[in-house]
Amino acid sequence: MSESKLLASLSGVDRNREELWVDGHAKDLSALNEFPDLRVLSFYRLSKRNIPLIESLKIPTLEVLSLRIASIPDLHCLSRFHTIKELGIWQSHTFNSLDGLAQFRNLTKLFLMQNGGLKSLEPIASLMNLEELYINGGVFIKQKVSSFEPIARLQKKFKVLDLSGTKCENSDLSPLTRLPEPDEFGISARFYPIEQIAILAAAFPRWKERLVKLQTNNYSICKKCGGSKKMTFKYRMRDLCPACDSLKIEQFLSDFEQLVSEKKEELRAQA
């Protein structure tokens with residue numbers, strides 16, 4: 001929704017609206033019960049003062065719920081919204097637990113972006129209808145999680161599995177290899193050891209090129225030819241110039257391909 005439609009009050013708002021974007025500091029949020037056709041509800045800056053009020057709301061038609069900058073530690077306060085199909089929690093630094101998520105049995109999309117460090121992803125393992133999962137950090141903020149194991153236990157093919165900007169504390173990507181290859185996949189390769197990226201590339205060959213993609217660094221200029229250098233996905237090797245360091249880049253990619261081949265054999269042996 002456009003920011004111009006952010007509602008600081010529900011006074012005078014058409015009760016037939018199906019979508020609302022509401023300031024979470026508003027004093028009349030109880031009026032949300034008066035919208036019989038409300039399908040999409042977004043809160044901006046949900047205050048701690050209004051949490052008890054949110055817990056009492058009954059909106060049986062709601063399908064999509066989004067909270068941005070919400071003062072919540074977990075999801076228990078949203079228990080009345082168990083019929084929703086899409087849930088998003090954004091930029092909520094006090095939000096560090098998925099406790100209460102298991103009640104959302106109908107969820108097909110879950111967005112967790114730039115929140116506090118998540119203690120555990122365990123509740124995700126109960127979301128059998130989940131099709132799209134986004135756990136993301138930002139440009140300067142890592143979204144920290146403890147382990148990807150609960151995602152792997154779903155044992156299902158995701159339409160979207162986007163873990164960009166997310167850093168698993170144990171750096172173990174092997175649980176993800178037990179999943180069917182997602183239709184869309186994203187992860188920040190620079191956060192993980194090269195061996196972990198190789199095993200992921202072995203399991204998800206369709207996404208191997210994206211995992212190993214060399215990125216242009218416009219701030220690093222080759223002193224020999226004046227061209228922009230490339231960064232390896234590891235972000236550990238010094239920037240290389242495609243024109244002057246082509247042999248080094250080829251060797252780097254060749255070594256990675258060899259490592260991927262070894263990981264493929266390991267996966268076959270484990271199957």
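The values are calculated or read from the model by the stated rules, or taken from the named source; none is laboratory data. Nothing here was measured: the structure is a model prediction, and the numbers come from that model. Please note: Cβ atoms are built from the backbone with ideal geometry, for glycine as well, and neighbour counts cover all protein chains shown.
Apart from one condition, residue 210 fits all of (1) in the same structural domain as residue 72 (by TED's automatic domain parsing); (2) closer than 22 Å to residue 250 by Cα; (3) at pLDDT below 95; the exception is (1). With the checklist (1) free of Cβ contacts under 8 Å to residues at least 40 places away in the same chain; (2) out of contact with any helix residue (DSSP H, G or I) (no Cβ under 7 Å at 6 or more places or on another chain) in hand, flag the one item residue 171 doesn't pass. For residue 171, the failing item is (2).
Every residue, every condition in (1) part of a helix (DSSP H, G or I); (2) touching a Gly at 6+ places or on another chain (Cβ under 6 Å), yes or no:
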| position | (1), (2) |
| --- | --- |
| 84 | no, no |
| 87 | no, no |
| 111 | no, yes |
| 123 | yes, no |
| 135 | no, no |
| 144 | no, yes |
| 147 | no, no |
| 157 | no, no |
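Of all the residues in region 89-109, those that are basic (Lys, Arg) and part of a loop (DSSP other than H, G, I, E, B) number 1.
You will find that of 202, 269, 243, 189, the residue that is surrounded by 15 or more Cβ atoms within 10 Å (Cβ to Cβ) and either closer than 23 Å to residue 109 by Cα or at pLDDT below 95 (or both) is 189 and no other.
Considering region 15-67, and only residues there that are out of contact with any Phe, Trp or Tyr (no Cβ under 9 Å at 6 or more places or on another chain) and closer than 16 Å to residue 90 by Cβ, the residue that is modelled with the highest pLDDT turns out to be 64. Within region 70-79, is even one residue acidic (Asp, Glu) and in contact with a His (Cβ under 9 Å, 6 or more places away or on another chain)? The answer is no; no qualifying residue exists. Within region 184-209, the set of residues being touching a residue at least 40 places away in the same chain (Cβ under 8 Å) and not in a helix (DSSP H, G or I) comprises just one member, 188. Just one of the numbered conditions (1) over 27 Å from residue 144 (Cβ atoms); (2) touching a Ser or Thr at 6+ places or on another chain (Cβ under 8 Å) is not true of residue 58: (2).
Take residue 115 and tell me if it is surrounded by 16 or more Cβ atoms within 10 Å (Cβ to Cβ), assigned to a loop (DSSP other than H, G, I, E, B) and in contact (Cβ under 8 Å) with a residue 24 or more places away in the chain. So residue 115 fits the description; yes.
Taken residue by residue, region 215-225 has at least one member that is buried (at least 16 other Cβ atoms within 10 Å of the Cβ) and over 30 Å from residue 111 (Cα atoms).
Here is the figure for region 123-145: residues that are without any contact (Cβ under 8 Å) to a residue 40 or more places away in the chain, in contact with a helix residue (DSSP H, G or I) (Cβ under 9 Å, 6 or more places away or on another chain) and more than 13 Å from residue 75 (Cβ to Cβ) total 4.
Look at (1) of a type outside the set (Ser, Thr, Tyr); (2) closer than 30 Å to residue 149 by Cβ; (3) assigned to a helix (DSSP H, G or I) and you find that residue 250 fails only one, number (2).
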